[in-house]
Structures are given as structure tokens and as C-alpha cells.
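The next block holds one structure in the form of C-alpha cells; read it before the comments.
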Amino acid sequence: MPDPGWRTAGDTDAAAHGLSAADLRLSEVLAQVSREALQAEGLDDVLQRIVDCVVRRLPVPIASIILLDESGTRFVREVWAGDIPLAELDMAIWDVSMGVAGRCARTGKPQLIADVAIDRDYVMGNPAVRSEYVVPIRHRGRLHGVLNIESTDEEFFVAETCAVFDAIAHQVAGAIHLARVVAELEAANRKLRELSTVDGLTGLANRRCFDERLAEDCARPSGRDAPLALLLVDADCFKQLNDALGHLHGDECLRRLALACSEFAAGEGDMAARYGGDELALLLPGRGEAEALGIAEQLRRRVEDAAMAHPVSVVAPWMTVSIGVFVAAAGQARSPMRMLSAADRALYAAKLQGRNRVASWDPTGDEAGLAGI
């Protein structure tokens, strides 16, 4: 017979209104399941709250939800709650050919095991368990997994009891579907945000993202205790390269240049961005002038050593870059406009001196200091 725990203090009132005690209990549990699902954050939290609710509100010692993978051929996650311990499986993922849960998934039908001792598919989780009921969790034709309920009473799962868990499984299916839809929407939004800040050709941050980051770094009070280096990198004679060898070759050269820049901006807080056209930018917090110039020179040599064909360059038969460097010293007032203007002046000086060079700008004077070749 069903456990006396099914009865509630409201049974008399329910009868007076023409409702059975089971109807009232079911309504209460379904309402609680809905509340738990709405309050949860993420699918794992949804599942845990639901099984906790089932065990807390109903006289069952073990309740679990077991999810299937996209193919429906393997169980990939189990969330459980209970008053008695449940043995852990040795594997985190198992095939639907195993266990009563697997049989439920394969057939798509509820599995009532009145005596687990004589069922060949039952996998023991606790020796005190005597009966089990496993229900498919299905939403709009898609089988998400199964709801597994285990009892220490062989006579627990009568028709009325099973109907309650059928209804709960239906409610769980809707909650899982909603949680997955929300997760998919959040992933899509993250992807959109990423696409809005990433340059499609090079994979670096785009101009908008760079401008926002530079403004943040300049405005951050704590950041002024350390230097902030800005490198502007320009591909020499790039328009002529596109005209001579075509945009496909030019695009490939830009991608390789972007990869080199990203390797030199791999520290915490560093950023490499496509600033515009054939011009890239590196933002390097915490780098003083000597270190920034050293990085710029290494980058210049890396590009030259790559020997990317450029038969119409006035500098060399391979691709080269000119780099302008500006470093705002620790404690020095800084603004995006001031930093970009100074780095751009240094870049212009590098080009004026013959390209394939690194130059830095001294804001206290009117001349750029040159470094490199």
C-alpha cells in the first residue's frame, strides 16, 4: 500500500471541495516543482532542485534524473537526492543498453519493477531498495532522459502513485526544455557579443573593442600606477601588395601578421587588435618603454623572417612592418586621444626613416626617437 506520507493536513478540506487527497498532493508537488525550476540558475541547478523537492515532499528514499546525450544512445548525467545512500557507478557515461533506466529509454515506456531482486536489468544502488519506477522524460517527441524513483517498500508503486510520478516527469520535461532553450539563447548572445568585438578576417579584437578597452585602461585609477604601452603596426606598401598579388594573398599576409601580433600580446591584460585596414595595434599594460621597444623590435623581425612574398615593396622583396611605440609612464596623465596621437606620430617617423623600423615618441619634445634598424 502507498506510504501514509501521501496524506496531508489538507485532506479533509480537499474532500470537502470534491478533490481527492491525491489530487491535492499532486497539485502541491507540481506547483513546487515549477517554483523550484523557475528559481534555479542553469540546467544542473534545475535538476538538483527538482529531485530535492521530490524527496522532501514525497515519501521516497531515492529520486534521480538521468539525462541522455543528443543521440539518445548514452546517459551522460545523473542528478539524485535521497535519504539513503546511493552507490556511485564506475563510469560517468553509460550506454542505454544497461539497467532499467536504459530499458526505459530504449522502449520509451515507464518501467515498474515491483521486486528489483528478480529483474535482470536492475543495477543495485542500495540493498534496502525493493521496488523501482522509471518514467521517460519527453517533451514534444524528444526524449531528454528518465525520472528514476526507488522505494524500500515492494507495494509502494500502485496506480495512484505511478500517476503522480508520470505527472512529475511531464513537468520535469518542460523544465528541462526551458532550461536548455535559455542556455542556447545565452550561448547565442555570447557568440553575438563575441562577433561584435572580433575582426572577421584576423580574429583579433576589432576597432570598437580596442577603443573601449583603451578608454577603460586610461580611465582606471589603479592602472596609472603602472606604465601603459601602445604599439601601432603598419604593413609596409600593403596597397601595392594587394594590387600586385590580389586580395587573397593580402588577406593571408594580414592573418599571419595578426597571429604574430597576438603572440606578442599574450600576457594578462594584453590586447591585439585590427585598428583599421592594414594597421594593427597592441595594448600592453605594465610595459615600460625599454620593454615595449624590445617587443616591437622582436615583432618586426618575426614578420621579416617570415618572408611573406611582396615583390613590389620599396623596402624588401618580402613583407615588412613599421611600428610606432608610445608608453605612458606610471603616474603620467593619459587619454586615448593623446596615446593614439603619440603612437601615430612615432609610426609616421618610422615610415619617414625608410619603413621596416621601430620608433617611439617623446611627448616632451618634437622628435621621435628611433630604435631597431
*Does residue 38 meet the test of being buried (at least 22 other Cβ atoms within 10 Å of the Cβ) and under 22 Å from the mean Cα position of the chain (by Cα)?*
no
*Taking the condition under 23 Å from residue 176 (Cα atoms) and out of contact with any Phe, Trp or Tyr (no Cβ under 8 Å at 6 or more places or on another chain), does residue 143 pass?*
yes
*Counting only residues that are assigned to a strand (DSSP E or B) and over 29 Å from the mean Cα position of the chain (by Cα), how many does segment 84-117 have?*
3
*Is it the case that residue 122 is touching a strand residue (DSSP E or B) at 6+ places or on another chain (Cβ under 9 Å) and part of a loop (DSSP other than H, G, I, E, B)?*
yes
*What is the number of the single condition among (1) in contact with a strand residue (DSSP E or B) (Cβ under 7 Å, 6 or more places away or on another chain); (2) acidic (Asp, Glu); (3) not assigned by TED's automatic domain parsing to the domain that holds residue 261 that residue 217 does not meet?*
(3)
*Among all residue pairs at least 6 apart or on different chains, which show Cβ distances below 7 Å where the first residue, located in segment 243-269, is under 18 Å from residue 299 (Cα atoms) and the second is among the polar types (S, T, N, Q) and in a helix (DSSP H, G or I)?*
264/298
*Here are some residues: 240, 171. Which one is closer than 30 Å to residue 135 by Cα, more than 27 Å from the chain's Cα centre (by Cα) and not in a strand (DSSP E or B)?*
171
*Which ones in segment 319-344 are touching a strand residue (DSSP E or B) at 6+ places or on another chain (Cβ under 6 Å) and over 15 Å from residue 275 (Cβ atoms)?*
327, 328, 334
*Would you tally the residues in segment 309-337 being aliphatic (A, V, I, L, M) and surrounded by 17 or more Cβ atoms within 10 Å (Cβ to Cβ)?*
7
*Answer with yes or no whether residue 198 is modelled with pLDDT of 95 or more, closer than 29 Å to residue 350 by Cβ and of a type in the set (Val, Ile, Thr).*
no
*asked:* Return the residues of segment 106-133 that are closer than 18 Å to residue 59 by Cβ and touching a Cys at 6+ places or on another chain (Cβ under 8 Å); say none if nothing qualifies.
replied: 112, 133
_Selection within segment 55-76 - under 16 Å from residue 104 (Cβ atoms) and of a type outside the set (Gly, Ala, Ser)_ = 62, 65, 66, 67, 68, 69, 73, 74, 75, 76
*Breaking point among (1) modelled with pLDDT of 95 or more; (2) closer than 19 Å to residue 219 by Cβ, for residue 263*: (2)
*Any residue in segment 237-248 that is touching a helix residue (DSSP H, G or I) at 6+ places or on another chain (Cβ under 6 Å), small (Gly, Ala, Ser) and either under 22 Å from residue 359 (Cβ atoms) or surrounded by fewer than 22 Cβ atoms within 10 Å (Cβ to Cβ) (or both)?*
no
_If I filter segment 145-159 for residues that are under 30 Å from residue 287 (Cα atoms) and outside any helix (DSSP H, G or I), do I get at least one hit?_
no
*Every residue from segment 265-302 that is farther than 20 Å from residue 332 by Cβ and assigned to a loop (DSSP other than H, G, I, E, B)*: 265, 266, 267, 268, 277, 278
_Output for segment 180-205, where each listed residue is in contact with a helix residue (DSSP H, G or I) (Cβ under 7 Å, 6 or more places away or on another chain) and either closer than 30 Å to residue 40 by Cα or exposed (fewer than 10 other Cβ atoms within 10 Å of the Cβ) (or both)_ = 180, 183
*Quick one: which of 131, 64 is within 22 Å of residue 39 (Cα to Cα), of a type in the set (Ser, Thr, Tyr) and assigned by TED's automatic domain parsing to the domain that holds residue 171?*
64
*Quick check: is even one residue across segment 70-78 surrounded by 20 or more Cβ atoms within 10 Å (Cβ to Cβ) and assigned by TED's automatic domain parsing to the domain that holds residue 154?*
yes
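The values are calculated or read from the model by the stated rules, or taken from the named source; none is laboratory data. Worth saying up front: this structure is predicted, and the values here are computed from it rather than measured. With ideal geometry, Cβ positions are generated from the backbone for all residues, glycine too; neighbour counts draw on all protein chains shown.
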